[in-house]
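Following: one structure in structure tokens, then a few remarks.
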Amino acid sequence: METVKYSKIYRIIHWSIAITFLLLLITIFLRLTWMNKENVADIIQAYLGGTDQSLSREQLIVLAKQIRKPMWDWHIYLGYVLTGLFSLRFLLPFFGTMKIQNPLTKNLTIKEKFQKWSYIIFYVCVLVSLVTGLIIVWGPKTLKEPMEEIHILGIYYLIAFIVLHIGGILIAEFTNQKGIISRIVRGSND
């Protein structure tokens, strides 16, 4: 198997996308756990229980949503960043940088075909997530709910891809592609 060398632009795009995905996952995790509107509403209710004030459940939910809004705004900003990074990722092949993987190339092993198809499927899923996210923010309100249903499914492909990606890297590092981690970090095996 040939040793792949990663250019500086490839490494910058790769790690920028990886960090953006990590930050997006953090916002999702917070929204689903500690910053869940029901949990925040319960915290507010518990606090108000020690005072002579009270709010209806609907008011508590509205307040909870306002408290977590700045965190969720970051999810949207990171979505814009990811849209820009993926646009750049798909423009660079036209300039001879960061070729798109072709799973239909002849003489590929089953493992190589699996890897290339995994990336193609990942790119399609990311594209669906980005488009649905943009429609949620900028599209007609009538499409918001169905787009949110599709957009939410993105967490599943993302976690599956991260597990496959990191698992594949570790297998490669400890078998036939020693130095793959240092090449994607520093650009060399040194």
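Quick look at the values:
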{"read-out": "Boolean, Ile136 is modelled with pLDDT of 95 or more, of a type outside the set (Asp, Glu) and touching a Lys or Arg at 6+ places or on another chain (Cβ under 8 Å)", "value": "yes"}
{"read-out": "Unmet criterion (only one of (1) part of a helix (DSSP H, G or I); (2) surrounded by 12 or more Cβ atoms within 10 Å (Cβ to Cβ); (3) in contact (Cβ under 8 Å) with a residue 24 or more places away in the chain) for Thr97", "value": "(1)"}
{"read-out": "Those residues of segment 7-38 which are in contact (Cβ under 8 Å) with a residue 24 or more places away in the chain and farther than 17 Å from Phe161 by Cα, in sequence order", "value": "Ser7, Lys8, Ile9, Tyr10, Arg11, Ile13, Thr27, Leu30, Arg31, Met35, Lys37, Glu38"}
{"read-out": "Filtered residue count, segment 35-84, keeping only those that are surrounded by 12 or more Cβ atoms within 10 Å (Cβ to Cβ) and not in a helix (DSSP H, G or I)", "value": "3"}
{"read-out": "Selection within segment 144-190 - within 25 Å of Val124 (Cα to Cα), surrounded by fewer than 14 Cβ atoms within 10 Å (Cβ to Cβ) and small (Gly, Ala, Ser)", "value": "Gly167"}
{"read-out": "Any hit, segment 75-98, residues being farther than 30 Å from Tyr6 by Cβ and in the same structural domain as Tyr6 (by TED's automatic domain parsing)", "value": "yes"}
{"read-out": "Leu92 over 24 Å from Phe29 (Cβ atoms), part of a helix (DSSP H, G or I) and aliphatic (A, V, I, L, M)", "value": "yes"}
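The values are calculated or read from the model by the stated rules, or taken from the named source; none is laboratory data. Note that the structure is predicted; figures quoted are calculated from it, not measured. Heads up, the Cβs are rebuilt from the backbone with ideal geometry, glycines too, and the neighbour counts pull from every protein chain shown.
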